[in-house]
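Enquirer: Below are the structure tokens for one structure; questions will follow.
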Ligand SMILES: [Mg+2]
């Protein structure tokens, strides 16, 4: 052992703390309803035996029930299974409270999903004992201030990738450190497919490169992984695995806002689907205004019930006005549905592009008469007032172009695993 690694082994350090909440949705349900604690619980999106679990409590996991398990099958494995309808707004509410609690101890650098976050440690927190005690304080804080059912597994490691791997090694309530000088160490206990980035399609490609075990993956050189992944993703993976610095993603500037929805059978007729499209667009427009952007490009995509996808798009002068955007959508809808020969619609997606910040002076305005500009501003203010009313009095209190009850049930804010909905969206 060289002098440097001997001294770093005496004072082992880690750079990242990765926190993964255990059985998140199910734990929130158990927190809210003590009758569910200690019991096998599956969280479901709809009340039906043909649906799949979107989360399972620790107790249900002992029966092999996990995210994606069919509920009929889950009941066969565990007749006492309790199913609970997902309450996504509560999960988001808890998410924000949990972030706040973690940040009482240390700033969160990346929110990776609704139940995962990462902190890049500062020099005083890098020594292993300091990082470990920070992790313990966070765990205790979650139990004391968020709820006794809210537990997490924390990984400590030289980079974010390995910290996430470490957080997966012990569940529930885990705390695992992977030290640079001990690598590969406990990594060798894992299967290739346990690693984030090695999915069903990647595994056979690694096999083709002669890599079947973690030891072989560890021994592989960077060029081999480059070849296996077919590009720089492989190089990044190699750096990540070996504890090197990885490019930790900076949140990209937002370039699109979109919503899509798979329609329930009763909403698949073209008129009902048209209302759904409008609703999705208005929801996107509210977000656009809240984020203080204007959009200059709209894309509409429609998948018909037993057939292909049809799409149309339009560019227009940047706007955040629901009425202007509604007109654009109405035209796109006519185009798409005539291509689709007005068949029944299975899925609708509306996306706004070419986003510019409100503060960016827009070209056309230089040439627009003052009266017209004032009228435009008035209309945008009207849209903002509608947003405020909907925030105050609940989603669909005021809408443009359809009666609120037509589609009250369809546009529930869904959990996006890559994007946490803002609290406001539940009212939009
Ligand atoms: Mg989790």
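Enquirer: Would you confirm, using the coordinates I've provided, whether residue 186 is touching a residue at least 24 places away in the same chain (Cβ under 8 Å) and surrounded by fewer than 21 Cβ atoms within 10 Å (Cβ to Cβ)?
Expert: no
Enquirer: Could you list, in sequence order, the residues of region 78-89 that are surrounded by 14 or more Cβ atoms within 10 Å (Cβ to Cβ), modelled with pLDDT of 90 or more and not in a loop (DSSP other than H, G, I, E, B)?
Expert: Once the filter is applied, which keeps residues that are surrounded by 14 or more Cβ atoms within 10 Å (Cβ to Cβ), modelled with pLDDT of 90 or more and not in a loop (DSSP other than H, G, I, E, B), region 78-89 yields 82, 83, 84.
Enquirer: Within region 36-68, work out how many residues are surrounded by fewer than 21 Cβ atoms within 10 Å (Cβ to Cβ), touching a strand residue (DSSP E or B) at 6+ places or on another chain (Cβ under 8 Å), at pLDDT 95 or above and part of a loop (DSSP other than H, G, I, E, B).
Expert: The qualifying residues number 1.
The values are calculated or read from the model by the stated rules, or taken from the named source; none is laboratory data. Remember, predicted model here, so these are calculated numbers, not experimental data. Note that each Cβ is placed from the backbone with ideal geometry, even for glycine, and that neighbours are counted across all protein chains shown.
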